[in-house]
Amino acid sequence: MRRSPRSPIPAVLLLLSCAAPAAAEPLPRRRPSTGPEQEMLDEAKRLVDQGRIADARDIHLTLWRLTRSASDAFRVGMLSFRLRDFQMAAEFLAIYFDMVGTPEAPKIWVPPGFKEGYELARANFAEARRHVGAIEVRVSEPGAAVLVDGRQVGVSPLPRPVYVAPGQHRVGAQLAGRQVEVPAAVDAGGERTVWLVLRRAEAEAPARPSTSKAAASPTSKAGAALGAAPPRPARDPALRWWTVGGLAATSVALAVVGGVSVAEANDAAGDRDAAFVRARWEAFRCRPGLPACDAYAEADGRARTFTGLSVGAFIGAGLAAGGAVAAGFLLAPEATVRVGAVGAGPGAAFSFTW
């Protein structure tokens, strides 16, 4: 009995049909809106149609706090862009991109026409970034509250940068009674990374044997910059100003003496030259007792004296001026030197404050 040949195609199709449900696992979708939520969505749409963009954004911001959905983040970001609130627009559009992924690899279920809305959001985000700065905050310990200008923006580690207005800002972190805060400046369209080190309090720090004079110094307060020098003892401001003022006045006085001495030296040199000419007519060789010879000797002595005095006066004036500048810096009571984690990263800072 002859068997009919069997084709492998049905077996392959059967295997593919079994594996298809696992390969085509559906992406997560937003849960259906409740009655009150749908009413808020309808109200927000009505306000947008009326041109009341700010009121509509407030409703979507409330919905975002309730649902944490990508669609609400998208609407808050896009409406903020229309209001030219570029800081909030960049913040919520960045959240939206993190939640939805890309048109080629979405993370959640996306409706038809998603790519067009996504590309528009990308364009708005790029424009908003031109007007705001981005600060990426890195904290030494997880779970710390991160604050920018006193406002909590999340818990470390932050998933994305914090978008802020251009300029100077205060970036800090708090955890279990420990805190640190540093200044950070960022330009429009710029980015900056700020490193924050939460140091343990002095009572919690393990005791270690002192091996040097530097090791015996007390631990700085939590949140202070690493390696901060101990404060210098305060000096009497009157002493500082008397010292600097006295040296400056001495420099001016010596400069005046030098100028007068130069003038006198020039006059004496002129008298000396005239006396020398007269002496040549009185005798071939100048002898003491002759009037012209005596006048020449007296004028020559004055010229040499005042020339030396002027040179010494100008040298003294320069030294006194340099001493005034040096005293001003050395006697500054708030002079500090900090080395270590200063600002946005390791480095050194030198500060002289009057």
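The values are calculated or read from the model by the stated rules, or taken from the named source; none is laboratory data. Source: prediction; values computed, not measured. As a convention, Cβ positions derive from the backbone with ideal geometry for all residues, glycine included, and neighbour counts pool all protein chains shown. These accessible areas exclude ligands, DNA and RNA; they are computed on the full protein's heavy atoms, side chains included. Shrake-Rupley method; radii C 1.70, N 1.55, O 1.52, S 1.80 Å.
Step by step: first the residues of segment 249-271, then only those that are open to solvent by 60 Å² or more (accessible area, probe 1.4 Å) and over 60 Å from the mean Cα position of the chain (by Cα), then the one that is modelled with the lowest pLDDT. Which residue is that?
D271
Out of contact with any strand residue (DSSP E or B) (no Cβ under 8 Å at 6 or more places or on another chain) and at pLDDT below 95: does that describe T193? Explain how you work it out, then say what you get.
Details: out of contact with any strand residue (DSSP E or B) (no Cβ under 8 Å at 6 or more places or on another chain): no; at pLDDT below 95: yes.
Against the criterion (out of contact with any strand residue (DSSP E or B) (no Cβ under 8 Å at 6 or more places or on another chain) and at pLDDT below 95), T193 does not qualify.
Taking the condition more than 60 Å from the chain's Cα centre (by Cα) and modelled with pLDDT under 75, does G289 pass?
Judged against the criteria, G289 is a match.
Any idea which of (1) of a type in the set (S, T, N, Q); (2) crowded, with 20+ Cβ neighbours inside 10 Å; (3) free of Cβ contacts under 8 Å to residues at least 12 places away in the same chain is the one Q50 doesn't satisfy?
Failed condition: (2).
Please state which one of L147, L63, L158 is over 30 Å from G177 (Cα atoms) and either open to solvent by less than 50 Å² (accessible area, probe 1.4 Å) or out of contact with any Gly (no Cβ under 8 Å at 6 or more places or on another chain) (or both).
Result: L63 is the single residue among L147, L63, L158 that is over 30 Å from G177 (Cα atoms) and either open to solvent by less than 50 Å² (accessible area, probe 1.4 Å) or out of contact with any Gly (no Cβ under 8 Å at 6 or more places or on another chain) (or both).
What number of residues within segment 89-119 satisfy the criterion of being part of a helix (DSSP H, G or I), open to solvent by 40 Å² or more (accessible area, probe 1.4 Å) and either touching a residue at least 40 places away in the same chain (Cβ under 8 Å) or of a type in the set (S, T, Y) (or both)?
2
Restricting to segment 120-139, name every residue that is open to solvent by less than 60 Å² (accessible area, probe 1.4 Å), part of a strand (DSSP E or B) and out of contact with any Phe, Trp or Tyr (no Cβ under 6 Å at 6 or more places or on another chain).
Listed by number, the residues that qualify are G133, I135, V137, V139.
I need a count of the residues in segment 39-88 that are touching a Lys or Arg at 6+ places or on another chain (Cβ under 8 Å) and outside any helix (DSSP H, G or I).
Count: 2.
Being closer than 24 Å to L93 by Cβ and touching a Gly at 6+ places or on another chain (Cβ under 9 Å) is the filter here; which residues of segment 162-184 pass it?
V162, Y163, V164, A165, P166, G167, H169, A184
Could you please give the count of residues in segment 155-202 that are in a loop (DSSP other than H, G, I, E, B) and under 11 Å from the mean Cα position of the chain (by Cα)?
1
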